[in-house]
Every structure is written in C-alpha cells, then in structure tokens.
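Everything below concerns the one structure shown next.
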Amino acid sequence: MEQHRTIEVGDATLECTLRGSGAPIVLLANAGCSVGYFDHLARALATAGFQTISINMRGVGGSLG
C-alpha cells in the first residue's frame, strides 16, 4: 500500500511517499529527481518486508521551502 504525506520541518514542507511495513529505509531523491525515481526500488524493498520513506527535496514535486 502506498501513502502520500507532507511533513513540516522548520520553514519547509516536504512531500513523502511511504510503502510497506517493517524496518524503515529512507530514500532521498537528489539533483532535482522526484520520488518517482525510486518507484521500482521502493516496491522491491516493500515486498522484501521493509518500509520505504521516499522524500522529495525542497523545490521538487510538492516540497517547498
């Protein structure tokens, strides 16, 4: 199951995508890439029993600040 959330960190709003359950693995998109870059990897990790938390950096997708 995939969930989309935004979190407030100081003056920033970060868009996150969560998949799976279990031990968490944080995936940080870089160089203007969005969390969509991790779709295949996040699905594979979720299937293997992990929870992935993919985060868009400021200025990408719905992330601001």
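Within the accessible area of the stretch 2-55, what % is carbon and sulfur when the probe is 1.4 Å and the other protein chains stay in place?
Values: 1880 of 3260 Å².
Using a 1.4 Å probe with all protein chains present, the stretch 2-55 comes out at 57 percent carbon and sulfur.
Please work out the ratio of the alpha-carbon Rg of the chain to 2.2 N^0.38 Å and round it to two decimals.
Numbers: Rg = 11.5 Å, N = 65, 2.2 N^0.38 = 10.7 Å.
It is 1.07.
Can you pull out the trypsin sites (Lys or Arg not before Pro) in the chain whose DSSP state is coil and whose Cβ has at most 15 other Cβ atoms within 10 Å? Display every interim value, and only then the final one.
Values: sites: Arg5, Arg19, Arg43, Arg58; in loops: Arg58.
Taking the chain and a limit of 15 other Cβ atoms within 10 Å, the loop trypsin sites (Lys or Arg not before Pro) found are Arg58.
Taking only protein heavy atoms and a 1.4 Å probe, what accessible area per residue, in Å², does the stretch 1-54 have with all protein chains in place? Spell out each step's value before the answer.
On the way: 3420 Å² over 54 residues.
That works out to 63 Å² per residue.
Compute the distance in nm between two label points, each set 7 Å from the Cα along the Cα-to-Cβ direction, one at Thr6 and one at Cys33.
For Thr6 paired with Cys33, the spin-label model returns 2.5 nm.
Nearest 500 deg cm²/dmol is fine: what mean residue ellipticity at 222 nm does the chain get from its DSSP H runs of n ≥ 4 alone, each adding -39,500 (n - 2.57), divided by its residue count?
Values: 1 runs with 9 residues, N = 65.
Calculated mean residue ellipticity at 222 nm is -4000 deg cm²/dmol.
Which residue fluctuates most in the GNM of the chain (Cα springs below 10 Å): Leu41, Leu18, Leu27?
For the chain, modelled as a Gaussian network with Cα springs under 10 Å, the answer is Leu41.
The values are calculated or read from the model by the stated rules, or taken from the named source; none is laboratory data. Note that the structure is predicted; figures quoted are calculated from it, not measured. Cβ coordinates were reconstructed from backbone atoms using ideal geometry, including for glycine residues, and neighbour counts include every protein chain displayed. Each accessible area value is taken on the protein alone, full model and side chains, heavy atoms only, with ligands, DNA and RNA left out. Shrake-Rupley method; radii C 1.70, N 1.55, O 1.52, S 1.80 Å.
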